[in-house]
Amino acid sequence: MEDGSVFVSRVPKTMPEISEADLPPLVREDKPAQRKELTNELIQSLIALRNEDPAQWTVSKLAKKFDIPKQLVLALAPCPQWRRDDIQKAKDSEWENLGYKKRLIRLNRIRRRLMW
């Protein structure tokens, strides 16, 4: 260095070579995701079940039944508008039944989230 001091490094300059034998065994095997082919009949039955009774046929249950990801269920069969209205009414009635302190706490939580 410029002032005559010496920089000493105790870290090896090169990384040691590691082979497969040096590593611990794998905890689980890496399996590629098996995707089920969706036919038009399956898609129509998925949409029909979702529209028939969305309270019973939730996204999770439909994803398990048809063995597809939840995001795909949401894309193919979103919640019907009447069900969304029912959920909103339930949330509104719950809000009306809250006391002053609980409302204040929830409003403050919403305000804090908006500041993120």
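The values are calculated or read from the model by the stated rules, or taken from the named source; none is laboratory data. All values reported here derive from a predicted model rather than from experimental measurement. When we count neighbours, we look across all protein chains shown, and the Cβ atoms used for this are built from the backbone with ideal geometry, even at glycine. Heads up: the accessible areas ignore ligands, DNA and RNA and are worked out on the full protein's heavy atoms, side chains in. Shrake-Rupley method; radii C 1.70, N 1.55, O 1.52, S 1.80 Å.
Would you list, by chain and number, the lysines whose Cα falls below 23 Å from the Cα of Lys64, excluding same-chain residues fewer than 8 positions away?
Partners within reach: Lys31, Lys36.
Highest first, please rank the peptides 74-82, 17-25, 58-66, 88-96 by the mean number of other Cβ atoms sitting within 10 Å of their residues.
Output ranking for 74-82, 17-25, 58-66, 88-96: 58-66, 74-82, 88-96, 17-25.
Where does the chain land at 222 nm, in deg cm²/dmol rounded to the nearest 500, when only DSSP H runs of n ≥ 4 count, each adding -39500 (n - 2.57), divided by all residues?
Only helices count here, giving -16000 deg cm²/dmol.
Which whole-number value in Å² is the accessible area per residue of the chain, probe 1.4 Å?
93
Take the solvent-accessible surface of the protein heavy atoms, probe 1.4 Å, and return the percent of it on the chain that carbon and sulfur atoms account for.
So the carbon and sulfur contribution to the accessible surface is 56 percent.
Run the simple label-point estimate for Arg112 and Arg10 please: 7 Å along Cα→C-beta, distance reported in nm.
Here the answer is 4.3 nm between the modelled labels.
Run the simple label-point estimate for Asn51 and Glu17 please: 7 Å along Cα→C-beta, distance reported in nm.
6.4
Would you calculate the separation in nanometres between label points at Leu98 and Lys36, each defined as 7 Å from the Cα along the Cα-to-beta-carbon direction?
3.9
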